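These notes concern the structure reproduced below.
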Amino acid sequence: GLNSPLAETIAKKVARPIDIIASFVIPLINFFKVIINTLFYFSGKKRIKEKKEITEEDLITLIDVGKDEGVIEEEEKKMIRNIFEFGDTMVKEVMVPRVDVDCIPSDTKLDMILNLIKK
């Protein structure tokens, strides 16, 4: 689950690269906003409304840039992208009907479990 040490490890590895990427990208975005808004001002049009949320595409772009810059490894990139794909997965695509599930009692010995798996 989300409480697992692996999730925390992944979060720690991913957070820093995203922060580094954002520190480069945000000033560029602000610079271009000033230029665009200045052009709109002189053309008589209204300013562009700021978008407050970060879209999935924005994050994927940041991840791709992080991979290209060597800040994020290929495996980490795949894990992060899989999060987005998992969010698009319908429950019925991953559900297993209860009648098709084989259960093993929690007190079963390891050798018995291995025998059951081999069958």
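The table for this structure:
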{"read-out": "GNM result for the chain, Cα springs below 10 Å: residue of Val71, Val99, Val25 fluctuating most strongly", "value": "Val99"}
{"read-out": "Where labels lie 7 Å past Cα in the beta-carbon direction, separation of Ile60 and Ala7 in nm", "value": "2.4 nm"}
{"read-out": "Subset of Lys92/Lys119; Lys67/Lys92; Lys12/Lys118 violating a 30 Å alpha-carbon distance limit", "value": "Lys67/Lys92; Lys12/Lys118"}
{"read-out": "Neighbourhood charge, 10 Å Cβ-Cβ cut-off, centred on Ile60 and excluding it, Lys, Arg +1 and Asp, Glu -1", "value": "-2"}
{"read-out": "Cβ-based net charge around Gly87, under 13 Å, with every Lys or Arg adding one and every Asp or Glu removing one", "value": "-3"}
{"read-out": "Computed label-point distance, nm, for sites Phe86 and Asp107 using a 7 Å Cα→Cβ extension", "value": "3.4 nm"}
{"read-out": "Most fluctuating residue given options Phe42, Phe24, Phe84, as computed from a GNM of the chain linking Cα atoms under 10 Å", "value": "Phe42"}
{"read-out": "Taking the chain and dividing mean pair separation by its residue count, relative contact order in percent (alpha carbons under 8 Å, at least six apart)", "value": "23 percent"}
{"read-out": "Most fluctuating residue given options Ile29, Ile20, Ile60, as computed from a GNM of the chain linking Cα atoms under 10 Å", "value": "Ile29"}
{"read-out": "Full-stretch length increase - Lys45, Val96 - with 0.36 nm per residue and alpha-carbon distance subtracted", "value": "12.8 nm"}
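Each reported figure results from applying straightforward, stated rules to the coordinates on display, with no laboratory input. None of the values given here were measured: they were computed from a predicted structure. Don't worry about glycine lacking a Cβ; one is built from the backbone with ideal geometry, like all the others, and counts go over all protein chains shown.
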